[in-house]
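Chemist: Sharing a structure, written as structure tokens. Questions coming.
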Amino acid sequence: QVQLVESGGGLVQAGGSLRLSCVVSGRPFSKSIMAWFRQAPAKEHEFIAAIKWNGYSTYYADSVKGRFTISRDNAKTTVYLQMNNLRPEDTAVYFCAVDNAVMSRNSDDYDYWGQGTQVTVSS
């Protein structure tokens, strides 16, 4: 029932910023975890950040901590990823996902996925 639609990706120079949005339709459980993953060519999904749908706990991969910020707006049923000081190695397709079980950094544990939005960072 849950559907996710990402937007906000694009081409940006190194050091620049982007804000990704993920609009959630359906009715996520209050215990749901909202997360961002990314996938570079020929690589597996990499955990980026997560936030509880009801609550304020956040989790970040070490590679983005201090540069990326995950947030949510429950009234708009939207999750955001503010990406600052972007680097070429951040280039990937970025996905939002929902875990209806427990908190996990493993992509296999997530139940719903968006279509992804491309982020390309040039040197």
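Chemist: From the residues TYR56, MET83, GLN39, which one has its Cα farthest along the dipole of region 34-91 in the positive direction, the dipole being from +1 and -1 charges on Cβ of Lys/Arg and Asp/Glu about the Cα centre?
Modeler: The Cα lying farthest towards the positive end belongs to TYR56.
Chemist: Here's a follow-up. Just to be sure I follow: if Rg is taken over the C-alpha atoms of the chain and Rh is the Kirkwood radius over the same atoms, what is Rg/Rh?
Modeler: On the Cα set of the chain, Rg over Rh gives 0.94.
Chemist: Over the chain, with every protein chain in place, what whole percent of the accessible area is carbon and sulfur at 1.4 Å, could you tell me?
Modeler: Using a 1.4 Å probe with all protein chains present, the chain comes out at 48 percent carbon and sulfur.
Chemist: Put +1 on the Cβ of each Lys and Arg and -1 on the Cβ of each Asp and Glu in region 61-107; which of GLY66, ASN106, TYR94 then has its Cα farthest toward the positive end of the dipole?
Modeler: GLY66
Chemist: Further question: So, with +1 on the Cβ of K and R and -1 on the Cβ of D and E, and no other charges, what is the size of the charge dipole of region 19-123 about its Cα centre, to the nearest 20 debye?
Modeler: Taking the Cα centre of region 19-123 as origin, the dipole is about 380 debye.
Chemist: Starting from 0.36 nm per residue, how many nanometres of slack lie between ASN100 and GLN39 once their C-alpha separation is accounted for?
Modeler: 19.8 nm
Chemist: For the chain, what relative contact order do you get, as a whole percent, if you take Cα pairs closer than 8 Å and at least 6 residues apart?
Modeler: Here the relative contact order equals 36 percent.
Chemist: Moving on. Per residue, how large is the accessible surface of the chain? Use a 1.4 angstrom probe and give square angstrom.
Modeler: Result: 52 Å² per residue.
Chemist: Once every Cα of region 1-50 carries one equal point scatterer and solvent is ignored, give the base-10 log of I(q)/I(0) from the Debye formula at q = 0.13, 0.17, 0.31 Å⁻¹, two decimals.
Modeler: Results for region 1-50 at q = 0.13, 0.17, 0.31 Å⁻¹ read -0.43, -0.70, -1.25.
The values are calculated or read from the model by the stated rules, or taken from the named source; none is laboratory data. Predicted model only: the values in this text are computed from it and were never measured. Every residue, glycine among them, receives a Cβ derived from its backbone with ideal geometry; neighbour counts consider all protein chains shown. Just the protein is used for accessible areas: all its heavy atoms, side chains included, with ligands, DNA and RNA removed. Shrake-Rupley method; radii C 1.70, N 1.55, O 1.52, S 1.80 Å.
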